[in-house]
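The values are calculated or read from the model by the stated rules, or taken from the named source; none is laboratory data. Nothing here was measured: the structure is a model prediction, and the numbers come from that model. Here the Cβ positions follow ideal geometry from the backbone for every residue, glycine too, while neighbour counts run over all protein chains shown. Surface accessibility is based on the protein's heavy atoms, side chains included, excluding ligands, DNA and RNA. Shrake-Rupley method; radii C 1.70, N 1.55, O 1.52, S 1.80 Å.
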Amino acid sequence: MMKIPEFLQPGDKVAIVCPASFIRGDISKGIAILESWGLEVHVGETVDSQFHQFAGDDTLRAADFQWALNHPEIKAVFAARGGYGSVRIIDKIDFSIFQKQPKWVIGFSDITVFHTHINRRYNCATIHGQMPKSFETGTPASLETLRQALFGEAVSYTFSKNPLNKGFIGREATIKGRLIGGNLAILHSLVGSVSEPKYKNKILFIEDVGETFYNVDRMLWTLKRAGHLKKLKGIIVGGFSGMRDNSPAYGYSIEEIILEKVQEYDYPVVFDFPAGHIDDNHALIFGQKVALETVGDICRVSYSD
């Protein structure tokens, strides 16, 4: 059974650490929002540190994350931002105390490393959602889904059906499966490692930012050739923002690139889920079972027993 950390309550202590790139600017708005939810915020040393592009060297970032993970009164650990660097420290982290006292780990982008590692190795749910740095531009709706997820309130998502959706065209259907995924580039980088997700019978969420179309194509070919895509129960596609093209143009859209890889598989693919490197980055609980359904012109994602 997947472990679900205790949901937060007003008065709980949470930590903000920076396991990847350093912060430009500050996270005061993020702290203020967390405090408005009734949480007591403790800020790690890495939040104000810089070593080249990182929030401190590997030793400091690992130690700061370890402090937040081990602290008996800290109920949730927020990554302040993503960037790059999580993979450099993931094998330095001791999760033995975490296994006995699991707590929420929250973030997206480069923090996908922690999501997949914790889900795979320690069978524990995590939250893909806004980080204190992205609170500055996050929509109220996306921040509310994060609050709901953290405090154990019922949350579901309804979004418009894209005409390119696969498997749900012209019919109503529901599939259920455990939710995994995150940033596509990070998932690609973890293939063959101990942090790689287990794809079989899962619903996969993917998103990315600033990639070229051909590189997205290449990364999906890697997942396909590794046998991962054929094992899924479905795919939820979030934002692929800031995409770059070649000259001459690559010639295929994100939807076309994805559909080409899964055309022979009998499972649904839905596009335009509001999550990823976008302001409207709705929270997703990785490791929990979800129901993906279509009704009329809308798609719905809800948590399932």
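General remarks:
- Most fluctuating residue given options Ala141, Ala80, Ala15, as computed from a GNM of the chain linking Cα atoms under 10 Å: Ala141
- Subtracting the Cα-Cα distance of Val191 and Gln148 from 0.36 nm times their residue separation leaves 12.3 nm of extension gain.
- Residue-level accessible surface for Tyr214, protein heavy atoms, 1.4 Å, Å²: 90 Å²
- Karplus-based coupling profile of segment 73-84, in residue order and whole Hz: 9, 7, 9, 7, 10, 9, 6, 5, 7, x, x, 8, with θ = phi - 60° in 6.51 cos²θ - 1.76 cosθ + 1.60 and x standing for Gly or Pro.
- Amide hydrogen proximity for His42: with H placed 1.01 Å from N in the peptide plane, the residues at 5 or more positions away or on another chain lying under 5 Å are Val14, Ala15, Ile16.
- Residues His42, His282, sorted by accessible area with the largest first, give His42, His282 [1.4 Å probe; ligands and nucleic acids excluded].
- Distances between placed amide hydrogens fall under 5 Å for Lys103 paired with no residue 5 or more residues away or on another chain.
- Cα centroid separation - segment 103-128 against segment 27-53, whole Å: 19 Å
- Table column - 3J(HN,Hα) (Hz), segment 118-131, Karplus curve with 6.51, -1.76, 1.60, x for Gly and Pro: 5, 4, 6, 7, 10, 6, 10, 6, 9, 10, 8, x, 3, 10
- Under the criterion of Cα pairs below 8 Å and six or more residues apart, the relative contact order for segment 1-159 equals 28 percent.
- Folded to 0 to 90 degrees: helix 58-70 orientation relative to the chain principal axis, Cα: 80 degrees
- When a 1.4 Å probe is rolled over the protein heavy atoms, the share of accessible surface on segment 50-131 that falls to carbon and sulfur comes to 46 percent.
- What you get for segment 1-152, charging only the Cβ of Lys and Arg (+1) and of Asp and Glu (-1), is a dipole of about 420 debye around the Cα centre.
- DSSP bridge orientation in the chain - percent antiparallel, rounded to nearest 5: 45 percent
- Labels on offer are [x] 57, 51, 34; [y] 50, 42, 34; [z] 61, 43, 37, and the one holding Cα extents along the principal axes in Å computed from this structure is [y].
- For segment 168-305: accessible area per residue (Å², 1.4 Å): 43 Å²
- Only Lys, Arg (+1) and Asp, Glu (-1) charged, at Cβ; segment 180-260 dipole about Cα centre in debye: 580 debye
- Extreme residue, positive dipole direction of the chain, given options Tyr122, Ala283, Thr59 (C-beta unit charges): Tyr122
- Accessible surface of Lys176 - all protein chains present, 1.4 Å probe, nearest 10 Å²: 110 Å²
- Expected 222 nm ellipticity per residue - DSSP helices of 4 or more, -39500 (n - 2.57), all of the chain, to 500: -7500 deg cm²/dmol
- Mean Cα-pair separation over length for segment 208-305, i.e. relative contact order, pairs under 8 Å, 6 or more apart, %: 29 percent
- Of Ile74, Ile298, the residue with the largest accessible area leads and the full order is Ile298, Ile74 (1.4 Å probe).
- Percent RCO, i.e. relative contact order, over the chain, from Cα pairs under 8 Å lying at least 6 residues apart: 20 percent
- Amide H within-cut-off set for Phe22, under 5 Å, with H built and near neighbours excluded: Phe54, Ala55
- Charge dipole magnitude, Cβ of K and R +1, D and E -1 - segment 115-252, Cα centre, debye nearest 20: 820 debye
- Sorted largest first by accessible area at a 1.4 angstrom probe radius, with every protein chain in place, the residues Phe151, Phe205 fall in the order Phe151, Phe205.
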